[in-house]
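Have a look at the structure below, then the notes.
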Amino acid sequence: MSYVRQIEPLRLDVNKLLDGADPILGGYDERRLTAAEAQRRMERLERRFARYVTEVAAVKPVPPLLKAAQRAYAHTYVQEDAYLRALVAALPARRWDSLPRTEPQQRRALVAWRAAVALEAARLNVPLPADLAVAGRDEIAPSPVGDDD
């Protein structure tokens, strides 16, 4: 399915990019990075992420049965970018209570998107990448205290 061939590399790249937030945030939480350094690194990560917001929204063609799910999926990128920008702003004062609380909404959209893609793939009798089955099940937004594990 052409749609999956286009969206999958973007999704995987974003997952890899967001994995880079945990060492930055963990380093800041453990005082190995100053607020200014953590902010600089997170700003770079957010700017790279922002490019994916546009790329995901521009995926074409979208199968008719996936249009609503694709719009909701693309919106999760907008929400994540807003979260990352807020996280950058919250870093110096450690104002984690100011972060957007959109993870449950994003998770629902991702799970619904994954289900819609699976149904379309089944309808077309095409296989899906195995890792697509975990979309929406793991961490959505980087924790402000990091996770270096």
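Counting only protein heavy atoms and using a 1.4 Å probe, the accessible area of residue 24 comes to about 20 Å². In this rough spin-label picture, where each label sits 7 Å from Cα along the Cβ direction, the residue 19-residue 55 distance is 1.6 nm. A cut-off of 5 Å between modelled amide H atoms, ignoring neighbours fewer than 5 places along the same chain, links residue 33 with 28.
Once you have a ≥ b ≥ c as the square roots of the Cα gyration tensor eigenvalues for the range 1-44, tell me rounded if a/c is under 1.5, and otherwise prolate or oblate according to whether a/b is larger than b/c. Taking the square roots of the gyration eigenvalues as a ≥ b ≥ c, the range 1-44 is prolate. Shown for the chain: the carbon plus sulfur share of the solvent-accessible area, taken with all protein chains present and a 1.4 angstrom probe, equals 56%. A cut-off under 13 angstrom between Cβ atoms defines the neighbours of residue 44, and their net charge, with Lys, Arg +1 and Asp, Glu -1, is +3. Considering helices alone, the calculated mean residue ellipticity of the chain at 222 nm is -22000 deg cm²/dmol, with DSSP H runs of length four and up weighted by -39500 (n - 2.57) and normalised per residue.
Per-residue 3J(HN,Hα) values for the range 16-24, derived from phi via the Karplus relation 6.51 cos²θ - 1.76 cosθ + 1.60 with θ = phi - 60°, read 5, 4, 5, 4, x, 6, 4, x, 5 Hz in sequence order (x marks Gly and Pro).
Rounded, prolate or oblate for the range 1-145? Axes are the square roots of the Cα gyration tensor eigenvalues, ordered a ≥ b ≥ c, and the cut-off for rounded is a/c under 1.5.
On the way: a/c = 2.42, a/b = 2.35, b/c = 1.03.
It comes out prolate by the Cα gyration axes.
Under the convention that each Lys and Arg Cβ holds +1 and each Asp and Glu Cβ holds -1, the size of the dipole of the chain around its Cα centre is about 600 debye. Look at the Cα gyration tensor of the range 12-85: its axes a ≥ b ≥ c give a/c of at least 1.5 with a/b over b/c, and that counts as prolate.
Shown here for the range 66-147: trypsin sites (Lys or Arg not before Pro) in loop regions (DSSP other than H, G, I, E, B) with at most 11 other Cβ atoms within 10 Å, namely 101, 137.
Taking all protein chains together and a 1.4 Å probe, the residues 102, 34 rank 34, 102 from largest to smallest accessible area.
The values are calculated or read from the model by the stated rules, or taken from the named source; none is laboratory data. Everything numeric in this text was worked out from a predicted model, so none of it was measured. Backbone-built Cβ (ideal geometry, glycine too); neighbour counts: all protein chains shown. What goes into the accessible areas is simple: the full protein's heavy atoms, side chains included, and nothing from ligands, DNA or RNA. Shrake-Rupley method; radii C 1.70, N 1.55, O 1.52, S 1.80 Å.
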